[in-house]
Every structure is written in structure tokens, then in C-alpha cells.
Amino acid sequence: MFCRLVYLAVCVILTTTFSSAVSAQENASPISKSFDFRNGALGWQADFADYPPATDRDDLYELRAEMRSLPPELGVSGTGFYFQGHNRSDDLFMFMKRRLNSGDGIVAGQAYQINFTLIFASIAQSGCVGIGGSPGDSVFLKAGASPAEPLALLDAISWLRMNVDIGAQANGGIAASVTGTIANGVPCDSAPKEFISIQRTHQHTSLVNTNSKGELWLLVGTDSGFEGLTALYYQRIDVTLTPVSPPPPKLLADRTTGRAAALDSVTLMSEPFPVVSAQNFSSDQRTRMNLFAYNLELKAGEGLSAITAQAEDAQRRIYPLAIEAINELPNFSWITQVTVKLPDELQNAGDVSVSISLRGVTSNKALIRIK
């Protein structure tokens, strides 16, 4: 599977989702928002990803995202948010996003379970065969949210890739899960092709934390395996955000080996890590190691003391790891970089398990090697 997230030497595939069986926070109320695109864009912004923009010459991808009058066959007047794209990259993601903040009732550092009702119009009939896949059944509608603004950024090979985890086509990700396809239910070639309104209800499979500013970004889009032209109208998006107990922090680790995504904070080299090294900027010559995690959003006014870290050796002895800094990754601000100092007691320890905790809630364990 293609790894969409790259930070220096760290390349991690994120596949974990969280159970929806959580309890609502006491004294917290759900937030409901409704966006009817007959009233304009209502703060939603559009963009495209998963294609190389340098190849988009002479309108090759036919990208459109704009308010348009709804087609007459829908039998309703007004406008919809129209999206169009020719999937010549075999992976085109057409998306829209909308920021919610404290003015909408969002609380900093709060976790939410998010439910969507999506009404959109699709011309793609069901069961048709197309280039690379079906025009309807191979175009996957996704919805979700993130504490970080979803952005399409150029990667090392000059493709625009998302900075949040949206999965890949039929597979969802942490920031966007699959609601179904855009197939409109009309059997292929059984009737003239016309736009038909479809309503989908969807509960996003991951719980979403807001950031320390009290922000959360809604995300809706189509992830396409059909290599032709896709067109649809978004007519209405309703969302309900229910406050819930927060999910545990998640350390980034290789899903096969269980080894942590970790770097020496100075050399940016991966394991094994020495406890003492001349290649650092500290007077004590002790190695500082960067760990990477998500679900570590802080509440307003919180600092380093809210987060703790520890290592556990093969004899199950516990070693506290002093946390010296926490930072958001540039352009990947839903991922937190946690810088810890390795203690003398870990010299020559070999493989140890590391974990982090936020307000006493502990993450998964991941392996690192100490030499």
C-alpha cells in the first residue's frame, strides 16, 4: 500500500480506527450544523489531490469546483456545490472542507463522535463498466474530520498528496472514512443518464479531537478508481458532533514489526539509539529522541506536564523518560512530535517498549533499540 505520510526518514501507514462504543462527557451537549448549498458555499472550501499538477496542461484533468444551478431533472430549484474531475492519475481525490471553531460551540481538546447526513446528486449509474473501474461503483464517497486543516501538498515526486490520512480509494483513513460509492442506483443503461439525488447517513469511524485553539475541520470528498470524468452536486451536509471520552494517544509505529517511528533529535537518524553521544547540542551529551503520535491534542492552557512517557525493558522494569518538548509537525499538525531524554539506566538495554500518556491515559507500546 502506498504510504501517504512522509516525515524525513519516517514513513508510516496509519490503519487504526477507534471504537464508537464510548460514553458521552458529562455536562456536554451535542453540536448540530446544517449546510444547505442553495444558500451558497457557507464557508466550505474546495480542492483536489492525488495527481501531479505539472501535467494538468490544457485542462487535462477538467477540474471544476463551484456553485452551480442544480440540473432540472432533480425537480428542485437553487444551487449545489458542483465538483468535476477527469481521473487521469487513477487516484484523484476531490474534496471540500469546512472549519468549525469556538463560535460554533467547539471546545479545545475535546473529543467528538461525528455523524453525517449527506445529500448529493450523481449521474453515475450502478453496475457500469468503465476505464480502470466503474464510473459509480469505483468512486468512493468519504466523510470525516481532523484537528488539522486538510491540505493538498506537493510530495517528493511533485504529486499533490493530502496531509491528513484519508486512506486509499475503498479503504478509509483516520480523517475520512468511506460512506459508500456515488453509484445512483439506476441499473446501467436501463434509462437515460440523469442526475439523481442520494441521501447517505454516516458515522465517522474515528473519534476526532479538537486542537488547543478549539478548532476542527470537517472533510467530505470522493476518492476515485474510475479513470474517466466524474461529476456530482453536493446539495446539503448535516453534521452532529457528540462529545465523548477521548481516545488514547497513538504512537506511530510500523504495523508489521511494531517498531516506533523515532528519530535522534539532532542527527535525525533512526535506531539504534546511544544513551550518550557527542553528536548533540546538550552539555550532558545525553541523546534526545523524537517520538511521533496523534490524539495528543492539548486543552487550552495545558503544557508539558499533561504528557508523560516511559520505557519498559525485557524484565518489565519501568524507566521514566523526561519530556523536554512537544511540537506539531509542520503541515501535519495532527501529529505531535514528543522529544524525550534517554536516562543513563537504559545503556545497552537492547529492545525496550516505549509508551506515552495524556492525562493518565496511556498509548500503545512500540519498540526501540538502545545501544
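Report the longest stretch of the chain that contains none of the chymotrypsin sites (Phe, Trp or Tyr not before Pro) sitting in a DSSP loop with at most 15 other Cβ atoms within 10 Å.
Result for the longest clean stretch: 3-280.
Expressed in whole Å with the largest first, what are the equivalent ellipsoid semi-axes of the stretch 105-220 derived from the C-alpha gyration tensor as the square root of 5 times each eigenvalue?
With the √(5λ) rule applied to the stretch 105-220, the semi-axes are 31, 18, 10 Å.
Taking 8 Å as the Cα distance limit and 6 or more residues as the minimum spacing, I'd like the relative contact order of the stretch 19-244 as a percentage.
Reported relative contact order: 36 percent.
Return the tail of the calculated pair distribution for the stretch 250-370, meaning the percent of Cα-Cα pairs more than 18 Å apart.
48 percent
If you add up the charges near T257, with Lys and Arg at +1 and Asp and Glu at -1, over every other residue whose beta carbon is less than 14 angstrom from its beta carbon, what do you get? Mind showing how you got there, number by number?
Values: positive: R255, R259, K365, R369; negative: D254, E271, D351.
Residues near T257 contribute +1 overall.
What is the Å³ per residue value for the convex hull set by the Cα atoms of the stretch 289-349?
Convex hull volume per residue, Cα atoms: 98 Å³.
Any idea what Rg and Dmax come out to for the chain if you just take the C-alpha atoms, in Å?
Just the Cα atoms of the chain yield Rg and Dmax of 22.8, 76 Å.
Taking 1 over the mean of 1/r across every pair of different Cα atoms in the stretch 51-157, what Kirkwood radius in Å do you get?
Value: 17.2 Å, from the Cα pair sum.
Count charges around G350 for me, please; just the other residues with Cβ under 9 Å from its Cβ, Lys/Arg as +1, Asp/Glu as -1. Before the final figure, lay out the partial values.
Values: positive: R369, K371; negative: D313, D351.
Here the count lands on 0.
Only the coordinates and a few stated rules stand behind these numbers; no lab work does. On a predicted model such as this, the values are computed, not experimentally measured, just so you know. All Cβ positions, even for glycine, are placed from backbone atoms using ideal geometry, and neighbour counts span all protein chains on display.
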